[in-house]
Amino acid sequence: MEIIFSKDNDWLAKWDDFVQNENRASHLLLSDWNKAFQSYGFDFEIGLLVENDKIIGGFSAVIAKALFFKFYIIPFGPIVSLGYESKLNGLIEKVLERAKLYKSCYCHITIPVNTNGNKHLFRELPLLPILNNVQKGHLFKFVYSSNGLNWKSVNNFTNEEELLSSFRASVRRYIRSSERKELELRFLESEKDVKLAYNLCLENAKNHNYSLRDWSSFKETLLTMIENKKAKFLGAFYENDIKGAALIVKAGNYYTYILGGTKKQKPDFLAGHFLHWQAIKLSFSEKLSGYNISLGGSKGVVDLKNSYADGQIYFENSKYHWVLKPTYFKLYLFFEKKLKNNKKLISKLLNHIKR
């Protein structure tokens, strides 16, 4: 058994195949997802735990850097397949070793654990001596780390009608009403169509006062993931006019809702309901475990998401960090405090301070 660090295309392809089919994995581990951080001047690497040429675990690290600050960030994981939990401590030790190798001032991990028994998370952890002197929580906020799943199971139904009946009456009414609007579902793949959908998402973000990456910094990631069948951009159209869009990514034997947007107009086409139902049906037709509609958003968004989910599964004691260079990290916290209310400025700075 060995741990391999590689950006070789063959190994990355094997890793992505592992991530898409390993129950404990997440889209945050996909190589294309982490390559996207290169537009900010960051780097990434994949650590693969291999036994007899078979991947049985690993992690994906974002190496964030600007000026003289470096951070070694594991947005999700490390993870190991069922039956290999005893190898997790060694993987975390390797994370810390690599963080020091890169002369990082800070490092953090996110171990997806919840005792409720969902097979996509660790139900319990083995003894992890490496965590005896670690600090809980995350102090570096500019690389997203998951907090849990907003989960809808789809693999215990025999047909779509039975699946539809699993929702409460009000949700079923919204779904049926959206289908009567004569919306057309399109899987968007060309650069022109994907940009059209993403612009709608950007417009929604602006209207609701939250930030998304600009098109130029996310374009290559989106198009590559769609081309490689790791992601789908769903569009809801009426008379050739886009009314809604939703980006979903496959990993861990389920789709995760990443972002979306709808046109607010009268009559209301209920495009959000239409698209989530289409994503759920797609998950069912592909015989996946479920659909992660994702956590977070405005109150209205959270209420809509939660109405489709069986329940929210939050990670428990999952986030840990090490401060490796206290003086450097205190200086970073000073700058972070000064700039934290201007994420757009931070994004621009990261995009221009490249090494």
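Things to note:
- Some residue of region 283-302 being among the hydroxyl-bearing types (S, T, Y) and more than 30 Å from F233 (Cα to Cα): no
- Hits in region 143-160 (condition: closer than 17 Å to A61 by Cα and touching a strand residue (DSSP E or B) at 6+ places or on another chain (Cβ under 7 Å)): V143, S145, S146
- Tally of residues being closer than 20 Å to S153 by Cβ and touching a strand residue (DSSP E or B) at 6+ places or on another chain (Cβ under 6 Å) across region 233-257: 7
- Residues that are open to solvent by less than 60 Å² (accessible area, probe 1.4 Å) and part of a strand (DSSP E or B) were ranked within region 122-156; the one that is farthest from L333 (Cα to Cα) is S153.
- Matching residues in region 49-79 - criterion: being surrounded by fewer than 22 Cβ atoms within 10 Å (Cβ to Cβ) and assigned to a strand (DSSP E or B): V50, E51, K54, I55, I56, I63, K65, A66, F69
- Residue tally, condition within 14 Å of the chain's Cα centre (by Cα) and either open to solvent by 10 Å² or more (accessible area, probe 1.4 Å) or hydroxyl-bearing (S, T, Y) (or both), over region 242-259: 8
- F140 touching a Phe, Trp or Tyr at 6+ places or on another chain (Cβ under 6 Å), among the aromatic types (F, W, Y) and assigned by the TED database to the domain that holds L82: yes
- The single residue among S165, S104 that is assigned by the TED database to the domain that holds G252 and over 25 Å from G297 (Cα atoms) turns out to be S165.
- From the options S285, S190, S216, S211, residue that is of a type in the set (S, T, Y), surrounded by fewer than 20 Cβ atoms within 10 Å (Cβ to Cβ) and within 22 Å of E179 (Cα to Cα): S285
- Given (1) crowded, with 23+ Cβ neighbours inside 10 Å; (2) free of Cβ contacts under 8 Å to residues at least 60 places away in the same chain; (3) of a type outside the set (G, A, S), number of the condition F274 does not satisfy: (2)
- Any hit, region 151-167, residues being more than 30 Å from S211 (Cα to Cα), modelled with pLDDT under 95 and of a type in the set (G, A, S): no
The values are calculated or read from the model by the stated rules, or taken from the named source; none is laboratory data. Keep in mind that what you see is a predicted model, and the values were worked out from it rather than measured. Cβ coordinates were reconstructed from backbone atoms using ideal geometry, including for glycine residues, and neighbour counts include every protein chain displayed. The accessibility values were calculated without ligands, DNA or RNA, using every heavy atom of the protein model including side chains. Shrake-Rupley method; radii C 1.70, N 1.55, O 1.52, S 1.80 Å.
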